[in-house]
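Data block below; observations after.
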Amino acid sequence: MMTSVEEMIGQYVNAWNGNSEAEFQREFSKCWSAEATYTDPDFENITGVEGICGLAKGSLEAYPIRKFSIAIAPEHHHHVGRYTWKVDLPDNSREGFDYFEFNDELKITKLVSFFLPL
């Protein structure tokens, strides 16, 4: 079980660095609630652990060499927060920020991702 929001978001971001469907399932289930939703400029209605794992698997297939990290630590209050992330790809890097909501068990229940301009 997560002990802090910072640990929860660290677990979530690191889960994106997985290399298999089983690894995605194991790592996302630690920080992602069964009813959680994910939305970004290209996707909506991604729901639950299976949904986020499918999205991560697609990311891995598109970019087999990538590394996600936290660029600016989460700020949070009243079960909501935000943080900035970075992904390093072979030929460039990209940043974005996420708005998130979480429950008392410190699992994400909603995440909306925004990409910064290239």
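Worth pointing out:
- Candidate set: the range 37-56, residues that are in contact with a helix residue (DSSP H, G or I) (Cβ under 6 Å, 6 or more places away or on another chain) and not hydroxyl-bearing (Ser, Thr, Tyr); chosen: the one surrounded by the fewest Cβ atoms within 10 Å (Cβ to Cβ): Ile46
- Output for the range 77-86, where each listed residue is over 16 Å from Cys31 (Cα atoms) and more than 12 Å from the chain's Cα centre (by Cα): His77, His78
- Positions within the range 15-36 being touching a helix residue (DSSP H, G or I) at 6+ places or on another chain (Cβ under 6 Å), without any contact (Cβ under 8 Å) to a residue 24 or more places away in the chain and of a type in the set (Gly, Ala, Ser), in sequence order: Ser29, Ala34
- For Ala34, the conditions (1) touching a Ser or Thr at 6+ places or on another chain (Cβ under 6 Å); (2) surrounded by fewer than 18 Cβ atoms within 10 Å (Cβ to Cβ) are fulfilled apart from (1).
- Selection count where residues are under 14 Å from the mean Cα position of the chain (by Cα) and part of a loop (DSSP other than H, G, I, E, B), scope the range 1-17: 2
- Residue match in the range 5-21 (condition: aromatic (Phe, Trp, Tyr) and buried (at least 20 other Cβ atoms within 10 Å of the Cβ)): yes
- Leading residue by the ranking (surrounded by the fewest Cβ atoms within 10 Å (Cβ to Cβ)) among those in the range 61-118 that are without any contact (Cβ under 8 Å) to a residue 24 or more places away in the chain and polar (S, T, N, Q): Ser93
- So Ile72, is it in contact with a strand residue (DSSP E or B) (Cβ under 7 Å, 6 or more places away or on another chain), farther than 17 Å from Ala15 by Cα and among the hydrophobic types (A, V, I, L, M, F, W, C): yes
- When Phe43, Phe97, Phe114 are screened for being among the aromatic types (Phe, Trp, Tyr) and touching a Ser or Thr at 6+ places or on another chain (Cβ under 6 Å), only Phe97 passes.
Throughout, read-outs are computed from the coordinates displayed, never taken from laboratory work. Because the structure is a prediction, the values reported are computed rather than measured. Because the Cβ atoms are built from the backbone with ideal geometry, glycine has one as well, and the counts that use them run over all protein chains shown.
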